[in-house]
1. If you check 58, 54, which single one turns out to be at pLDDT below 90, surrounded by fewer than 18 Cβ atoms within 10 Å (Cβ to Cβ) and not assigned by TED's automatic domain parsing to the domain that holds residue 153?
2. Residues in the range 137-151: is at least one at negative phi and at pLDDT below 85?
3. Would you mind stating whether residue 92 is over 14 Å from residue 18 (Cβ atoms) and modelled with pLDDT of 90 or more?
4. Going by what's in this entry, would residue 13 be described as surrounded by 11 or more Cβ atoms within 10 Å (Cβ to Cβ), in the same structural domain as residue 212 (by TED's automatic domain parsing), farther than 30 Å from residue 254 by Cα and modelled with pLDDT of 80 or more?
5. What helices (runs of 4 or more DSSP H) completely inside the range 178-259 contain at least 1 residues that are in contact (Cβ under 8 Å) with a residue 40 or more places away in the chain and surrounded by 14 or more Cβ atoms within 10 Å (Cβ to Cβ)?
């Protein structure tokens, strides 16, 4: 035990923890994106609201969510520690030491990109997670005829009398679902142009952050081989640097300009 402690508290140990938490967050991004793509379904939020309830009440998912929150905090704290330590070790700025010729812009500004992302995450959690759990998220009732698929949607201003967090029943060929309407919460939130702009900026920061961070994380954990580096680089750029941020950014733009 005494030998492991210096490793974990060293710069290399901090980078290793940052890499592992970063890769875990990348995995979460894919899962979160798949669920959020249901916002584009033309079903008045039926699929998305079911997904939101499942993600916040299924016990294994709840356990993973706590690991997610811890990973975000650890990743941000260790990033701050390493950034301050690097600045203290190199008091001469890049304007005197030509950093541009030795590294890409995003690798030199991971601290700035991370700060933008942290602001985005806090705003995102306040707008949706907090409102869904403790705030004023509205309620909705979906009444669907199972045989025909015809659906009647009723917006509810108050908590339904028989509401127990989520209600799904089937009676006489009719499926009845009552749930919190996070879909409407999303739609209303993304009518604010400032928040839409913040989300798009946050996804731009995520893109630059992951283009460098994804490959760097694999190198830090020791997965560095010329046979696989090209594949890792391609995944980092095309999947996490382009596709994932664009799809996330498309959601607020869709609600602001289309919905």
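The values are calculated or read from the model by the stated rules, or taken from the named source; none is laboratory data. No experiment lies behind these values; they were computed from the predicted model shown. Here Cβ is always computed from backbone atoms with ideal geometry, including for glycine, and neighbour counts include all displayed protein chains.
1. It is 58.
2. Scanning the range 137-151, I find no residue that is at negative phi and at pLDDT below 85, so the answer is no.
3. no
4. When the stated conditions are applied, residue 13 passes them.
5. Here the list reads 182-189, 193-220, 244-257.
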